[in-house]
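First up is the structure itself, then whatever we jot down about it.
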Amino acid sequence: MSDLPKDYDIIIVGTGLTESILAGALARIGKSVLHIDRNQFYGGEFASHTLNNLMEWSDKIKRYPDIENDREQNDKSCFKKCNNDLGKYYTEIEYSFSDLETQDKLLKLSRKFTLDLTPNIFYSRGQLIELLISSDVAKYCEFKMVSQILTLDRDGNVQKVPTSRSEVFKSNKLGMLEKRSMMQFVQAVLKDDNFNELIEPEQLQTISFRQLISNKKFPQIINDYLINAVAMCPNEKDNALKGLNDTKKFLTSVGRFGDSPFLYSMYGAGELPQCFCRMSAVFGAIYYLDMTIDKFHINSENRIESITTKNDKEEFKFNCKNLIIDSSYAPIDYFKSIDNLISHCILITDKTIYKNDDGLDHISLLFLPKMKDTDIYMIETSYASNCSPQGYFVVYLFCRNTRKTSRENFEKCIETFFNIGELDENKPNVLFSCFYSHIDSDYFVHELDKISNRPNNLHFVSGCQPKLDFDHHVEQAKKIFNDICPNDEFMPKPPDPEDIIFGDETENKNEISKETNQNETSE
Amino acid sequence: MSSQTRSGSGGGGTASASRTCQFKLVLLGESSVGKSSLVLRFVKGQFHEFQESTIGAAFLTQTVQIDDTTVKFEIWDTAGQERYHSLAPMYYRGAQAAIVVYDISNKESFHKAQTWVKELQRQASPNIVIALAGNKLDLANKRAVSYEEAKQYADEHSLLFMETSAKTAANVMDIFTSIAKKLPKSDVNEQASRQSQNRSGVNVGGANQNQQGTSGCACK
């Protein structure tokens with residue numbers, strides 16, 4: 001690979017979402033960018049896998065030896081060795097099929113499944129969607145409406161939450177009085193940014209959203225809708241301002257592309273990093289997958305001046321002015337045992353958790369507050385998003401880990417919705433399940449940023465968070481972009497391809513006449 | 001051939017009753033076999049001997065007229081991501097047509113083309129129309145891949161096949177026209193009507209958006 005340039009403005013390690021947005025933004029303004037990833041696929045922690053690839057991925061992580069620390073001394077001041085042991089990042093990985101026959105059947109369909117390591121849905125007016133539109137990256141991707149917002153009522157039944165005005169008025173769960181009070185609240189939230197009609201300014205941060213709602217003396221069903229399905233702010237620590245802002249984000253997103261406020265990425269969330277990487281490549285960034293960072297070299301001014309990369313075959317040295325790395329590649333000696341974990345569960349099932357009469361496939365969101373002592377997000381995708389074959393459903397659960405194992409976080413939730421043990425024909429059967437946890441990398445990056453002698457041209461990026469939407473990744477990318485290029489615009493709209501001038505159009509000496517004599521070969 | 005091309009700005013003209021169909025076409029093939037040059041010849045009628053990789057073009061568009069139908073191609077280039085085996089699968093997602101390009105003076109590029117055909121048949125949509133282009137026909141004196149060999153391979157794998165030259169323009173128009181003829185034509189309006197159905201998605205940058213202010217909300 002002698003043709004590979006040696007000098008870059010920025011080297012980016014990891015093709016997760018924040019790194020990919022940054023690659024796009026930096027290449028867009030003309031910076032020279034080298035973007036690498038240790039995997040043969042894009043996305044890192046944000047990748048979407050086929051069923052086979054998900055199994056391979058988990059088997060590979062389980063195989064990582066935990067001997068990296070002994071291998072080489074890492075206290076030299078001139079270089080730092082980077083981590084490539086994913087076993088330090090992911091823990092508690094397990095997967096299983098319900099039985100052998102099912103396993104055979106599902107594995108034959110492996111390619112038809114798109115399984116997200118970091119599933120997510122997006123507010124139609126969230127920052128990520130706005131960025132996709134303003135940067136034109138939207139032309140690379142396609143979305144589906146999250147067509148059902150669900151909630152679990154007090155009797156343990158799944159209810160569909162009405163999201164649009166017409167749905168509210170059609171709802172047979174709400175009486176006329178209830179409909180009116182819900183609409184009044186909605187209008188008051190949308191009225192202004194200080195929510196003057198709803199709350200005294202000094203109370204915004206002192207009382208909880210839950211308290212605010214209960215002060216309004218709504219009927220119970222409205223309380224539940226607003227707290228658990230619209231704002232998704234059920235906890236005492238979620239103050240009124242957060243709850244009202246989240247409610248507003250939900251409400252303003254309704255109607256932009258459809259009745260639902262949420263979008264889901266067609267073919268899975270793993271498409272998004274690829275879309276930003278394509279934009280980055282279109283603006284000249286160089287892509288090299290299956291190539292990882294081995295170490296970075298620090299000069300006497302405590303700046304990184306170069307990195308060594310390697311794969312199975314080769315080792316290279318590249319110079320850079322700035323280095324951006326995903327925290328899972330952080331130097332080995334920066335890794336400490338971190339107790340803050342985020343847990344995930346992926347299920348393949350044979351029925352939907354909420355059967356709608358319309359006969360269509362849906363994508364559903366269900367927020368489960370205080371399921372055992374943690375809030376769980378549940379997303380069910382289907383054939384509707386091209387993420388599973390017809391007749392199969394993929395369910396994602398994620399939460400902050402409060403248990404010993406990944407699985408324990410979700411046990412109660414799985415018992416509630418799925419057919420476990422006793423035969424309940426109405427509940428979906430779980431055909432495949434996969435559990436895993438990983439370091440809360442936001443927390444990890446926060447710790448990394450505190451390291452006193454950290455080189456000042458090194459930027460750490462965090463991965464998945466137990467939140468809906470990817471807006472915090474957009475914020476993170478903007479912040480790092482501003483650190484590196486304080487005077488440049490973040491991802492301005494690219495020129496229309498029709499307006500781009502190719503080569504030197506003024507001296508078209510190579511223009512050959514249309515009729516040439518070399519057509520002898522074809523047909 | 002009854003077909004002819006129009007510039008991308010087209011659409012007017014006398015055949016006002018004509019239908020318009022739009023297709024995503026992707027280019028695949030090893031580095032420097034002339035993928036970008038083929039597009040540039042087709043779209044702009046240009047050729048540059050030392051074509052730099054194209055910076056800033058997400059895709060180019062060009063139309064081909066087939067009888068009463070205007071076929072609009074949205075042509076995607078690899079943006080160099082193929083160079084270190086790093087082409088993202090989203091690149092050929094949803095593509096209705098592909099041109100897999102090799103260089104007739106480079107045997108290895110023909111083998112690589114076959115790998116791309118395999119990849120497309122495995123990963124892309126099952127109805128994709130694939131054309132194989134043996135480019136650099138102007139270098140016939142340095143030929144390393146025979147016409148017969150490539151033609152046989154193409155026939156065995158149901159691919160359209162032509163040898164082309166972006167430099168002389170030989171067969172460039174023809175290969176795009178042949179693809180246009182083979183594509184299933186459904187009108188843009190029909191395509192739009194399908195959008196409302198369950199299977200199709202939301203294009204957030206496009207026409208699906210309801211034009212409302214930031215306070216706009218169906219809830220109000």
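Which of the residues belonging to segment A:271-295 are in contact with a Pro (Cβ under 9 Å, 6 or more places away or on another chain) and at the interface with chain B (Cβ under 9 Å from one of its Cβ atoms)? Correct list: A:Glu271, A:Gln274, A:Met279, A:Val282, A:Phe283, A:Ile286.
Of the residues that sit in segment A:344-361 and are more than 24 Å from B:Pro126 (Cα to Cα), outside any strand (DSSP E or B) and touching a Phe, Trp or Tyr at 6+ places or on another chain (Cβ under 9 Å), which one is nearest to the other protein chains (Cβ to nearest Cβ)?
Residues of segment A:344-361 more than 24 Å from B:Pro126 (Cα to Cα): A:344-359.
The next check asks that each one be outside any strand (DSSP E or B); those that pass are A:350-359.
Filter once more, keeping what is touching a Phe, Trp or Tyr at 6+ places or on another chain (Cβ under 9 Å): A:350-353.
Working: A:Asp350: 20, A:Lys351: 18, A:Thr352: 14, A:Ile353: 19 Å.
Checked segment A:344-361; the qualifying residue nearest to the other protein chains (Cβ to nearest Cβ) is A:Thr352.
Do we find a residue being surrounded by fewer than 23 Cβ atoms within 10 Å (Cβ to Cβ), among the aromatic types (Phe, Trp, Tyr) and either assigned by TED's automatic domain parsing to the domain that holds A:Ser166 or closer than 28 Å to A:Leu128 by Cα (or both) anywhere in segment A:218-235? Taking every residue of segment A:218-235 in turn, at least one turns out to be surrounded by fewer than 23 Cβ atoms within 10 Å (Cβ to Cβ), among the aromatic types (Phe, Trp, Tyr) and either assigned by TED's automatic domain parsing to the domain that holds A:Ser166 or closer than 28 Å to A:Leu128 by Cα (or both). Annotation: A:Phe250 fulfils all but one of (1) facing another protein chain (nearest Cβ under 7 Å); (2) of a type outside the set (Ser, Thr, Tyr); (3) crowded, with 24+ Cβ neighbours inside 10 Å; (4) not in a strand (DSSP E or B); the unmet one is (1). Residue count for segment A:97-155 under the criterion of being buried (at least 21 other Cβ atoms within 10 Å of the Cβ), away from chain B (no Cβ under 14 Å) and of a type in the set (S, T, N, Q): the result is 3.
Each row is one residue, and each column tells you yes or no for (1) out of contact with any Phe, Trp or Tyr (no Cβ under 9 Å at 6 or more places or on another chain); (2) within 25 Å of A:Leu22 (Cα to Cα).
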residue	(1), (2)
A:Leu423	yes, no
A:Asn426	yes, no
A:Ser433	no, no
A:Ser441	no, yes
A:His446	yes, yes
A:Ile451	no, yes
A:Leu458	no, yes
A:Val461	yes, yes
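Any residue at all in segment A:477-486 that is assigned to a loop (DSSP other than H, G, I, E, B), more than 28 Å from A:Tyr90 (Cβ to Cβ) and modelled with pLDDT of 90 or more? Scanning segment A:477-486 turns up at least one residue that is assigned to a loop (DSSP other than H, G, I, E, B), more than 28 Å from A:Tyr90 (Cβ to Cβ) and modelled with pLDDT of 90 or more.
Could you tell me whether any residue of segment A:303-323 is β-branched (Val, Ile, Thr) and either within 21 Å of A:Val137 (Cα to Cα) or under 23 Å from the mean Cα position of the chain (by Cα) (or both)? I'd like the intermediate steps shown before the answer.
Applying the first criterion (β-branched (Val, Ile, Thr)) to segment A:303-323 yields A:304, A:307-309.
In the following step, the residues that additionally are either within 21 Å of A:Val137 (Cα to Cα) or under 23 Å from the mean Cα position of the chain (by Cα) (or both) were identified as none.
No: segment A:303-323 contains no residue that is β-branched (Val, Ile, Thr) and either within 21 Å of A:Val137 (Cα to Cα) or under 23 Å from the mean Cα position of the chain (by Cα) (or both).
Condition first: loosely packed, with under 15 Cβ neighbours inside 10 Å and part of a helix (DSSP H, G or I). Now tell me which residues in segment A:169-190 satisfy that. Once the filter is applied, which keeps residues that are loosely packed, with under 15 Cβ neighbours inside 10 Å and part of a helix (DSSP H, G or I), segment A:169-190 yields A:Phe169, A:Lys170, A:Met176, A:Leu177, A:Arg180, A:Gln184, A:Gln187. For A:Lys295, are the conditions met, namely being more than 22 Å from the chain's Cα centre (by Cα), in the same structural domain as A:Ser328 (by TED's automatic domain parsing), surrounded by fewer than 22 Cβ atoms within 10 Å (Cβ to Cβ) and among the charged types (D, E, K, R)? Yes; evaluated as a whole, the condition is true for this residue.
When segment A:298-320 is filtered for residues that are loosely packed, with under 11 Cβ neighbours inside 10 Å and outside any loop (DSSP other than H, G, I, E, B), only A:Glu315 remains. Scanning segment A:130-170 for residues that are at pLDDT 90 or above and basic (Lys, Arg) yields a total of 2.
Screening A:Arg256, A:Arg278 for residues that are in the same structural domain as A:Ala47 (by TED's automatic domain parsing) and surrounded by 19 or more Cβ atoms within 10 Å (Cβ to Cβ) leaves exactly one candidate, A:Arg278.
State which residue is farthest from A:Tyr89 (Cα to Cα) when the search covers only segment A:409-428 and only residues that are of a type outside the set (A, V, I, L, M, F, W, C) and buried (at least 17 other Cβ atoms within 10 Å of the Cβ).
To start, the set of residues in segment A:409-428 that are of a type outside the set (A, V, I, L, M, F, W, C) comprises A:409, A:411-412, A:415-416, A:419, A:421-422, A:424-428.
Among the residues that remain, those that are also buried (at least 17 other Cβ atoms within 10 Å of the Cβ) are: A:409, A:419, A:427-428.
Details: A:Asn409: 19, A:Asn419: 32, A:Lys427: 34, A:Pro428: 32 Å.
By that ranking, first place goes to A:Lys427.
Only one entry in A:Asp290, A:Asp294 is touching a residue at least 40 places away in the same chain (Cβ under 8 Å), within 19 Å of A:Tyr8 (Cβ to Cβ) and not in a strand (DSSP E or B), namely A:Asp290.
Out of all the residues in segment A:42-53, is one or more closer than 22 Å to A:Ile484 by Cα, at pLDDT 95 or above and among the aliphatic types (A, V, I, L, M)? Break it down into steps so the answer makes sense when it comes.
Narrowing segment A:42-53 to residues closer than 22 Å to A:Ile484 by Cα: none.
There is no residue in segment A:42-53 that is closer than 22 Å to A:Ile484 by Cα, at pLDDT 95 or above and among the aliphatic types (A, V, I, L, M).
The values are calculated or read from the model by the stated rules, or taken from the named source; none is laboratory data. In this text the structure is predicted, and so the values were computed from the model without any measurement. Every residue, glycine among them, receives a Cβ derived from its backbone with ideal geometry; neighbour counts consider all protein chains shown.
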